[in-house]
């Protein structure tokens with residue numbers, strides 16, 4: 001369904017090319033299909049934007065909560081993230097969580113948001129993994145994926161991933177990963193300052 005909607009949008013843009021110029025129409029088409037990915041780097045087809053769809057389908061669920069709409073609740077043991085809508089409902093996303101020894105719990109806030117963020121592994125990660133690059137520009141190969149939401153003053157983030165097979169698993173160093181498609185959806189809903197509750 002998403003693929004057909006995107007294709008319909010592309011057709012509409014191309015129909016407008018005579019009014020705005022063919023070159024601009026091509027740019028708009030690529031931006032829509034890639035979500036603003038770096039120029040010339042298209043995703044792997046329309047069906048799973050930016051590297052694949054989540055094995056855990058994003059869905060609206062009943063979720064009684066006293067938390068304000070816009071709050072994010074991360075349930076580490078469930079490997080699910082809930083975006084509170086209010087009226088007893090939330091959007092549920094599948095996530096990858098910290099592996100044993102790297103889980104944490106607490107309350108924080110979204111302090112910043114970035115599209116196609118750069119990644120600089122922290123010193124402690126480089127000590128464990130000296131093979132990692134010292135810095136990586138944003139893009140489809142970057143482990144932070146298409147979007148990142150930074151949590152407080154910590155090194156932890158909610159971010160995208162081009163490895164959909166890791167959703168529902170415990171693989172990270174404490175960050176929470178979604179597919180890029182789900183990360184874009186959550187990013188658009190979430191404001192800076194949003195409360196984030198991390199449960200074990």
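Miscellaneous remarks
To keep it simple, each residue is scored yes or no on (1) at pLDDT 95 or above; (2) surrounded by fewer than 16 Cβ atoms within 10 Å (Cβ to Cβ); (3) within 21 Å of residue 147 (Cβ to Cβ).
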residue	(1), (2), (3)
72	yes, no, yes
79	yes, no, yes
84	yes, no, yes
91	yes, no, yes
96	yes, no, yes
103	no, yes, no
106	yes, yes, no
113	yes, no, yes
123	no, yes, no
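- Taking first residues from the range 91-111 that are assigned to a loop (DSSP other than H, G, I, E, B) and partners that are surrounded by fewer than 15 Cβ atoms within 10 Å (Cβ to Cβ) and at pLDDT below 95, the Cβ contacts under 7 Å between residues at least 6 apart in sequence or on separate chains come to 103/200; 105/200.
- Every residue from the range 169-196 that is more than 11 Å from the chain's Cα centre (by Cα), assigned to a strand (DSSP E or B) and surrounded by 19 or more Cβ atoms within 10 Å (Cβ to Cβ): 172, 196
- Residues satisfying the stated conditions in the range 144-163, i.e. assigned to a loop (DSSP other than H, G, I, E, B), touching a strand residue (DSSP E or B) at 6+ places or on another chain (Cβ under 9 Å) and under 11 Å from residue 178 (Cα atoms): 144, 145, 146, 160, 161, 163
The values are calculated or read from the model by the stated rules, or taken from the named source; none is laboratory data. Remember, it's a predicted structure, so these values are computed and weren't measured experimentally. Methodologically, a virtual Cβ is constructed for each residue, glycine included, from the backbone with ideal geometry; neighbour enumeration extends over all protein chains shown.
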